[in-house]
Amino acid sequence: KVADAINAKYNHTHIIPVKVDGNLIGDGLQGKLDAYTAISRLIRTDSARQDSRTVNIIGEKWGGSHTEKGISGLYSLLDSLGIAINCRYLTDTSTESIIQFNSASLNLPSSRDDSMESICRILSPLSNIPYLDHPLPTGFTETRTWLTALGEFFGAEEMVSHLVAQAEMEYTSKIEHLKPGLEG
């Protein structure tokens, strides 16, 4: 009733009520999936995928291993390759980025688990944007693999090679500095 009253009073506002309480209609995970489904109705399906250098990040977990600090590092890596984030589905995002979801060139899954598979099933009838075969990385080795796959998709292999070589020198230097304290 509150949402209907606000929608009626402010005609440029559209509130989508979603029962995500997790105790009356199922568990917390079901509530999250219901929210993903309700919000997916905002995605414009009539826009064709563009040859943009933008990506969508899919399924970040609330309180998961990829914190805002980690995501800011991801922004930095993507920026160094001339790639922007179009939509973070559904973390720290805007209604407009959800509406324009299909204008990205690639989806970046945050993980490889059952909840990600469920989110992909929700999005598949609405979008044909391909998914990178690697989840968001943790650590140097995963980051190198992830960046290499991203570079191949966007035709930026040389840029990635340079970026990885530079990061590997910094990484090796830091590891060498730590080794004496970890001997034995």
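The values are calculated or read from the model by the stated rules, or taken from the named source; none is laboratory data. Here the structure is a predicted model, which means the values were calculated and not measured. Here Cβ is always computed from backbone atoms with ideal geometry, including for glycine, and neighbour counts include all displayed protein chains. With ligands, DNA and RNA removed, areas are computed over all heavy atoms of the protein, side chains included. Shrake-Rupley method; radii C 1.70, N 1.55, O 1.52, S 1.80 Å.
Between Lys61 and Glu158, the contour length at 0.36 nm per residue exceeds the Cα-Cα span by 31.7 nm. Within the listed set Asp79, Asp51, Asp27, the Gaussian network model of the chain (springs between alpha-carbon atoms below 10 Å) gives the highest mean-square fluctuation for Asp27.
For the chain, the Cβ-based charge dipole about the Cα centre amounts to some 660 debye (Lys, Arg positive; Asp, Glu negative; other atoms uncharged). Look at [x] 59, 57, 34; [y] 53, 42, 36; [z] 65, 41, 28: the one that is Cα extents along the principal axes in Å derived from this structure is [z].
Restricting attention to the chain, the count of lysine pairs at 8 or more positions apart or across chains with alpha carbons under 17 Å apart stands at 5. Rounded to the nearest 500, the helix-only mean residue ellipticity at 222 nm of the chain stands at -15500 deg cm²/dmol, with each DSSP H run of n ≥ 4 adding -39,500 (n - 2.57). Label positions at Ala5 and Gln166, each projected 7 Å from the Cα along the C-beta direction, are separated by 5.6 nm.
Between Ser47 and Thr95, the simple label model (points 7 Å from Cα in the Cβ direction) yields a spacing of 1.5 nm. With protein chains left intact and a 1.4 Å probe, residues in segment 93-158 average 47 Å² of accessible area per residue. Listed peptides 123-134, 166-177, 87-98 appear in the order 87-98, 123-134, 166-177 once ranked by packing, highest mean of other Cβ atoms within 10 Å at the front.
Can you send over the carbon and sulfur percentage of the accessible area for the chain, probe radius 1.4 Å, protein chains only? Of all accessible area on the chain, carbon and sulfur atoms account for 54 percent.
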